[in-house]
Every structure is written in structure tokens, then in C-alpha cells.
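Report on one structure; see the data block that follows.
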Amino acid sequence: MHDANTTTGGIGESVPAADASYDEVVAAAAGHALGWLSGVRERAIPPHASADDIKDRLGRELPQVGEPDLEVIARLAEGVEPGLIAIGSPRFYGWVIGGTQPVALGADWLVSAWDQNTGLRAITPGAVAVEELAGEWLLDLFGLPAQCDVGFTTGATMAQFSCMAAARGDVLRRAGWDVEADGLAGGPAVRYIAGEERHGTMDLAARYLGLGAPVTVPADEQGCIGVEALAAVLAEEDRPAIVALQAGNIHSGGFDDFAAAITVAHAAGAWVHVDGAFGLWAAASPRLRHLTSGFEAADSWSTDAHKTLNVPYDCGIAIVRDPAAMRHALGMHASYLQSTAVGSDPQEKAPELSRRARGVPTWAVLRSLGRDGVAELVDGLAEAARGIADGVGALPGVEVLNEVVFTQVCIALDTDEATAALSERLWNDGEVLAMTSRWHGRTVVRFSVSNWRTDAAEVRRTVDAVARALVGLEAEAPPIG
């Protein structure tokens, strides 16, 4: 036996145990965390230190002798803080990134404390039960078939990967080829077909799977796939095909015509995947559900809980209609792994064997909000986007470029240079963050409304900040003549 205050090192050696208890370390971390959370709403949003600055603050050399635990926590919190971006601000619109609801943060801390490697149902039944409930509730909220498998991944990219892996295996098996056993080489080539305005992570997932670049289909002015053009592309070749549709265009927020596009794709024997990283949540709102009409006929769907639902990073969600296709593509079995005899193991529904129970915060938010609360959350984000579009669109020189149907707003000024300068001025001011992008050949400033605290008051502050930035740009403009 050895003393409770020491741990065994090499043979005959003892090294000091951690110098602080869990109580002390967790309390210290909680204090720093609450300090950050209490200020995130009003602090300037951009970071004000570079990565190299932070490395200097933390100390670049690994110490020969360790530092006391409480000092490590303080060094980390105080050293990193200047390099943090206030993603949790209700006026953060730079990308589609949500904030964190309190109940989700509490659940996430429990996940870290429990430290369950949630790959096997029989080994970690508590965590797996929570995730399975969350998956069942999501299917119910979205109106998707109850028999679907639901996997929790790092984010939308890996959710897409999981769904596309199931798709690849299924369309090749129907063509007489087992890609899991025989690999891609020598098998029929799979056509990956997507709209011109698909999200780039769809291509990334396809690249990971060896599917190559997509065959692209023209899109309309809101970025939605052309159904007649899709039918023409599908008719060009009789090969295994995967068609990617979109719930929530990254610029317009637009939704594809699912009923028509899925009918066309299925008639050609294609697997249909719906990328709904943020837009899938429209299905949870009675007011907005029409945007996803017909999408339940697809074969797979992907989304993120760390976007619209506002759970902490990371939590992607992969949903596949045919559980066998998903498990065949992603699962592994070994004699030392105690696979479940009932249902399925989480490791059969995501590209990881070892992972934390990232679905638990999703369960917590769903339980906290209930069906009505989720609908109110989604509706509130869409209302805030409409409010920003109306308010900013009324300012002189501002053009709203998209039909605001969900949570995305794209604006532009009369020149690309002026539009970029507006975004830079907002960054320097710090109260509102909205980043530039390119859409339809123009530089745009894009507002992605994703934070649960973005209410009418924050919308007014946002419009006021844009108005101030425009006045500043006008003052800086060189005189005419």
C-alpha cells in the first residue's frame, strides 16, 4: 500500500500527488468560468491578443518542476482570456455558432466529471440511455421516421461523413459491390451530386470518403437546387449516386424543394442526404415547418445541436433511415469489446470508438425547453433575423440581398470595398460582429442569428451599431471633386 498523498512512480519511487483536491480545483475553475460568463454579453466581441501573445503570457517553456494546480488554473484562465472571442455574445453573427444555454453547460460539466467513454451500450448504460432518449426526441421533433439511427458526432462535417458513409455503402451494395470488404478500387464509381451553393463541408466529407468533387447542379437566386436541372444530371449516367440537398443555405437561409427533388432522385435510384446544419431545426417549429416540407422522405439528415439548439461545442447529429446501412459503414467489432445484445452501440453510429457523451447536453436542453420551448427558440432566432433585415435594410445605402426566410441576413453597400469596410468597422467597434463573404459575385456582410439571447433589444443594438459604422464610413470618405 502507499500513502494517500503520494502516487507510485518507477520501482521504489514515489511522487507527490496533485496538490489540490477536486473541490478546490473545480471551485477555482467555476469562479473563472462564471467571471467570463458574467461579462460575455457586454465585452468587446473580437479577441485583443494574438496566438503568439497568448503563448508568451502562458510561458513558452515546459517547466522542469510542475506548478501547483490552482496556479495552473489561474494562469490558464487569466492568460488565455485576452485571446478569446465572445462567441456567446447575443450580437455575435460572424458564423453559424450558437451560445450555450445554462442547463447545457451544467450538463456538459457533468459529462466531463463522469468521464464516460461512451462507445458501448452495455458498459456505459447511463450515458447511452440519455443519448438514446435525446435521439428519439429529435426524431419526434423533426417528424422523421422513428426507426432511424441517430449518432452524435463532433459537428456537421462528421455527421455528413457518417451519413455519406452509409450512403456510399448502400448504393454500392445495390450495384453488387461491398465497399467495406473490398474498398473503392475496382468498384463502380459513385456520383456525388450537389447544388452549386452546397456548404463546403459536404465536399470535405465526400473527399474523406473517396467520392471526389461533386457533379454540380445549378441553383436559383436563393441558392436552392434546380429540380429540373437535377433530373437532367441524374439522367446523364446510370451509375450509383448520392444526392445532397440543403436545409438552410449559408447565405440566404433558403431551403431546397425537398418533395420534388427527393422524388426525382429516388426515381433514379439515388440516396438522398439533407444537410441541415442549422436549418433542420425549422422542422421543430409549427410556424416554420413548411420550409422542410417533404424532407422526411430522404435517406439521411445531418445537423448540429451546438448551432440552433445552443449546446456547448461539440455536438453534431447524424440521422440515417436504414440503421443497418449506418452500422455496416461505421461499426467495428472485436473480442475485447463487449457489444450490446440489445439495440446498437454508439460506436456504430459515429466515426469514433472513443468519445465523450456529447449527446447529454442535447438531452438537457430538450428536457428543459420541451416541445414548445424548442419551437419558441427557433421562432425567436428567425424573428431576430427578420428584425435585423428590416432595421439594417432601412439604413441609407444598405441593400438586403436575400429573402429572409430563416436566420440568415446578407447585406451589401454600393461597392465591395465599402461593404468590406463596414465589416472591418464593426470588428473594430466590437459591439457587433458580422463577417464578410462572397455571394453572387459580390462582397457581403453576413448576419447569422444563432444565439438564444438575441432578442428584440439586441436587434435594436445591432441596428444602431451598423448605423454608427455607416456614419463613420461616410465621415472617412474622401470629398467628391
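Every number here is computed from the coordinates shown, using simple stated rules; none is lab data. All figures in this text were calculated on a predicted structure; none of them were measured in a lab. For neighbour counting, all protein chains shown are included, and Cβ atoms are generated from backbone atoms with ideal geometry for every residue, glycine included.
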Prolate/oblate/rounded label for the chain (Cα gyration tensor, a/c 1.5): oblate
What whole-number distance in Å separates the alpha-carbon centres of segment 71-132 and segment 411-456? 28
Using θ = phi - 60° and the Karplus relation 6.51 cos²θ - 1.76 cosθ + 1.60, list the HN-Hα couplings for segment 60-68 in order, rounded to whole Hz, with x at every Gly or Pro. 7, 9, 5, x, 5, 10, x, 9, x
Net charge near M332, counting Lys/Arg +1 and Asp/Glu -1 over other residues with Cβ under 15 Å of its Cβ? 0
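If packing is taken as the average count of other Cβ atoms within 10 Å, what order do 133-142, 231-240 fall into, highest mean first?
Answer by packing, highest mean first, reads 133-142, 231-240.
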Could you check the simple spin-label distance between I85 and H266, using points 7 Å along Cα→Cβ, in nm with one decimal? 4.0
Cβ-Cβ cut-off under 11 Å around E383, Lys and Arg +1, Asp and Glu -1: the net charge is -2
What FRET efficiency comes out for A181 versus E61 if R0 is 60 angstrom and r is the Cβ-Cβ distance? Round to the nearest 0.05. 0.75
Here the alpha-carbon Rg of segment 300-447 over 2.2 N^0.38 Å rounds to 1.45
Projected area averaged over orientations for segment 99-149, convex hull of C-alpha atoms, nm²: 4.5
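Among 157-165, 219-227, how do they line up by average Cβ neighbours within 10 Å per residue, starting with the highest? Could the numbers behind the result be given before it?
Details: 157-165: 26.9, 219-227: 19.4.
So the order, starting with the most tightly packed, is 157-165, 219-227.
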Would you mind working out the magnitude of the charge dipole of segment 173-238 relative to its Cα centre, with +1 at each Lys and Arg C-beta and -1 at each Asp and Glu C-beta, to the nearest 20 Debye? 260
Virtual paramagnetic centre 7 Å along Cα→Cβ of A457, amide N under 19 Å, in segment 18-45: 37-45
How large, in Å, is segment 359-408 by the Kirkwood hydrodynamic radius built from its alpha-carbon pairs? 12.6
Can you order the peptides 64-72, 387-395, 411-419 by their average number of other Cβ atoms within 10 Å per residue, highest first? 387-395, 411-419, 64-72
Which distance in Å, rounded to a whole number, links the C-alpha centroids of segment 349-389 and segment 26-62? 26
Let me know the charge dipole size of the chain about its Cα centre in debye, to the nearest 20, where only the beta-carbon of Lys, Arg (+1) and Asp, Glu (-1) is charged. 540
Cα extents of segment 17-161 per principal axis, largest first, Å, are 54, 42, 29
Anisotropy class of segment 236-333 from Cα gyration tensor, a/c 1.5 cut: oblate
Charges on Cβ only, +1 for Lys and Arg, -1 for Asp and Glu, centred on the Cα centroid of the chain; of A357, A260, L330, which one is farthest towards the dipole's positive end? A260
About the Cα centre, charge dipole magnitude for segment 40-80 (Lys/Arg +1, Asp/Glu -1 at Cβ), debye: 200
